Amino acid sequence: MKIFADSACDLPKSFFAENDVTLLPLRVLIDDQEYDDILTIDSKEVYKAIRAGKHPKTSQASPELILEKWRELAQSREDGIYIAFSSELSGTHDTAVMLRDQVKETNPHMNLVIIDSKCASLGYGLLVKEAVRLRDAGETDIRTIERKIRHMAGHMEHLFTVEDLDYLAKGGRVSKASAFIGGLLNIKPLLHVESGKLVPLEKHRGRKKVLRRMTELMAERGDHLANQTIAISHGDDESIALELKAVIEELFRPKNIEIHLIGSAVGSHAGPGTVAVFFLNKL
């Protein structure tokens, strides 16, 4: 069984080779130079560029690459599952579906499941890791894996805050006026994800207050957090991620906490200093 994921899952480069997951890199444009996320640019380079005043742009994974991978899958006659970055944040999912249907016209036997995760960053990454776990545990029924991943995706919480509202304003996530006022008053937004979209949730004055509120919401929303793997991603600010990790460990004693850098595709819009936490809710 082949597993595919795009680079917005924010898992490290080593993960893909070590776990036999095919990477579909999103693309990053800086100073008219296009890069393949993870493969030809490191996210630290993106954060460095942003701090230098540059404005990276991103685009979906290469349609030519996706078509090539789908044709290879059809020829191999293996089952495949592609867990995709939220269709509300990238066109990659819709392109992948269109190209799969195109390949199936001449390869009707092709069995490729494409899941719109409605997730981002490590919320998405946790889904990919669960698919790998199920496959490696011996699960061979692709529909069983699909059902479990869709259920998990539907319960994935994303809570995050950014260091500078200007980055979200440039991406159209908040108004420029709000960003200006927020900067003056040290207002930090707390956002989450609803139906695959980034949605402002609350505003708090100061980083410590917003981090405390994130853990309060974890307590309210989380489902047996002690039995979960919690993920934390950060925009090139490991110290704040470690601070949040320490609080989460003290409050909830989860079985595991993973910390990774936010990748180029997501980080280009969220900016340096972003911190996010991902866990399963009890809805």
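Quick notes
- Residue in the range 131-150 that is nearest to the chain's Cα centre (by Cα), counting only those that are open to solvent by 100 Å² or more (accessible area, probe 1.4 Å) and of a type in the set (Lys, Arg): Arg150
- Test: residue in the range 253-274 that is assigned to a strand (DSSP E or B), open to solvent by 20 Å² or more (accessible area, probe 1.4 Å) and over 21 Å from Val193 (Cβ atoms): yes
- Of the residues Lys44, Lys54, Lys48, the single one that is open to solvent by 50 Å² or more (accessible area, probe 1.4 Å), assigned to a helix (DSSP H, G or I) and in contact (Cβ under 8 Å) with a residue 12 or more places away in the chain is Lys44.
- Here the range 205-218 is the region considered, the condition is being open to solvent by 40 Å² or more (accessible area, probe 1.4 Å) and touching a Leu at 6+ places or on another chain (Cβ under 7 Å), and the residue that is modelled with the highest pLDDT is Arg213.
- Summed over the range 60-92, residues that are in a strand (DSSP E or B) and loosely packed, with under 15 Cβ neighbours inside 10 Å total 0.
- Arg173 vs. criteria surrounded by fewer than 16 Cβ atoms within 10 Å (Cβ to Cβ), at pLDDT below 90 and in contact with a helix residue (DSSP H, G or I) (Cβ under 9 Å, 6 or more places away or on another chain): no
- Cross-chain or 6+ apart pairs with Cβ under 9 Å, the range 63-86 first and farther than 28 Å from Ser195 by Cα and without any contact (Cβ under 8 Å) to a residue 40 or more places away in the chain, then hydroxyl-bearing (Ser, Thr, Tyr) and exposed (fewer than 14 other Cβ atoms within 10 Å of the Cβ): Ala74/Thr106
The values are calculated or read from the model by the stated rules, or taken from the named source; none is laboratory data. All of these numbers come straight from a predicted model, not from anything done at the bench. No Cβ is skipped: glycine too gets one built from the backbone with ideal geometry, and neighbour counts run over all protein chains shown. What goes into the accessible areas is simple: the full protein's heavy atoms, side chains included, and nothing from ligands, DNA or RNA. Shrake-Rupley method; radii C 1.70, N 1.55, O 1.52, S 1.80 Å.
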